[in-house]
Amino acid sequence: MTGSRIVALGHYQPARAVSNDELTQTLDTSDEWIQSRVGIRSRRIAAADETVADMAAAAAEKALANSGLTASDIDLVTVATCSSMDRCPNVAARVASALGIPAPAAYDLNTACSGFSYALATADHAIQAGAARNALVIGAEKLSDITDWTDRSTAVIFADGAGAAVVTPSEEPGIGPVLWGSDPAKSDAVVIEGWQPHIEQAGQTVFRWAAFALPKLAVEACEKAGVKPSELAAFVPHQANLRIIEPLARKLGSPDAVVSKDIVESGNTSAASIPLALSKLVERREIPSGAPVLLFGFGGGLTYAGQVVCCP
Ligand code: UT7
């Protein structure tokens with residue numbers, strides 16, 4: 001086998017939808033500000049007793065059911081998350097236990113909002129190296145637990161959810177080479193620090209970095225895969241802000257690509273946003289099977305990672 005590919009996806013969102021109007025009851029904000037500055041209309045917030053691992057397992061269970069594989073076929077579980085506060089066991093072990101996966105390599109990975117693309121790359125590399133055969137790659141976040149609900153600049157943005165992919169060996173590589181990196185000089189721009197942390201960000205710093213640095217990097221991720229941006233069937237960037245996503249998609253030069261704007265109904269779910277958005281597009285059959293899709297994550301660190309994948 002010379003590569004790996006995504007064969008199935010699944011996602012989970014908590015039942016409770018919170019509208020912008022609901023947030024105006026406790027915060028000095030407005031539906032108009034949130035929609036025009038960020039693009040969010042509504043977001044899902046988990047129940048108090050619902051954990052990152054619960055959401056990760058629910059998404060993974062769906063992806064596994066869609067793949068036709070069974071729990072005993074999986075030998076690697078990786079979970080991208082920056083909001084799980086438990087140090088041990090990691091979320092991957094909790095997921096493996098919940099799904100009855102007998103003996104997988106199980107690790108969490110934290111590169112904040114770019115986490116899913118990093119985790120997907122490590123699973124692809126493990127399969128190519130012969131260190132794993134079938135992987136579950138998950139992005140899951142409960143950002144509501146680390147949100148300061150009195151801070152309007154973050155409380156209107158962040159939300160909860162999970163998405164998962166099943167990755168298997170493939171003669172034709174279905175996961176392109178990853179373009180990954182970071183800008184550590186801006187590592188203070190997004191922080192989740194201390195024992196009872198809250199997520200804080202220098203929004204303008206991240207916004208400007210995203211606007212100026214990311215278009216070139218997204219094109220580079222396509223070049224690494226030997227795919228022209230004009231050939232992309234879909235573009236699924238991290239769902240941070242519609243005012244980042246739409247110009248980025250225009251600069252990419254893929255006018256016919258479906259561009260995910262899941263932020264409108266899901267908010268910013270950090271490492272969960274890409275697999276959540278991709279899973280929804282696939283479920284709605286908005287991308288033809290086998291067609292090239294650019295995934296591109298960016299955020300805290302500041303980190304970024306992107307790769308072209310074949311749509312399952
Ligand atoms: O996913 C992790 C990576 N993070 C990102 O990619 C975030 C990138 N940054 C952004 O998306 C945007 O910078 C934000 C959405 C976070 C903020 O939007 P902005 O247009 O950059 O707003 P701002 O922070 O410059 O604030 C503009 C004004 C301020 O008021 P004054 O000082 O001009 O009077 C804020 O106090 O908007 C005010 N403001 C709000 N007003 C109503 C901030 N939050 C709110 C709010 N409702 N929720």
Which of the residues spanning the stretch 164-188 are surrounded by 15 or more Cβ atoms within 10 Å (Cβ to Cβ) and of a type in the set (Ser, Thr, Tyr)?
168, 170, 182
Could you grab me the full set of residues in the stretch 207-237 that are more than 17 Å from residue 274 (Cβ to Cβ) and of a type in the set (A, V, I, L, M)?
211, 213, 219, 227
Taking the options 124, 183, name whichever one is under 18 Å from residue 300 (Cβ atoms) and not small (Gly, Ala, Ser).
183
Out of all the residues in the stretch 101-127, which are in a helix (DSSP H, G or I), of a type outside the set (A, V, I, L, M) and either in contact (Cβ under 8 Å) with a residue 12 or more places away in the chain or crowded, with 24+ Cβ neighbours inside 10 Å (or both)?
113, 114, 115, 116, 117, 118, 122, 124
Name the residues in the stretch 113-126 that are within 16 Å of the ligand (Cβ to nearest atom) and over 21 Å from residue 89 (Cβ atoms), would you?
113, 114, 117
Just give me the residues in the stretch 62-85 being without any contact (Cβ under 8 Å) to a residue 60 or more places away in the chain, surrounded by fewer than 20 Cβ atoms within 10 Å (Cβ to Cβ) and in contact with a helix residue (DSSP H, G or I) (Cβ under 8 Å, 6 or more places away or on another chain), in sequence order.
70, 71
Selection from the stretch 32-57 of residues that are within 13 Å of the ligand (Cβ to nearest atom) and surrounded by 15 or more Cβ atoms within 10 Å (Cβ to Cβ):
34, 37, 38, 39, 40, 43
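Read the figures in this text as sums done on the coordinates, not as results from a lab. From a predicted model like this one, the values you see are computed outputs, not experimental measurements. Neighbour counts are summed over all protein chains in view; Cβ atoms, including those assigned to glycine, are modelled from backbone coordinates with ideal geometry.
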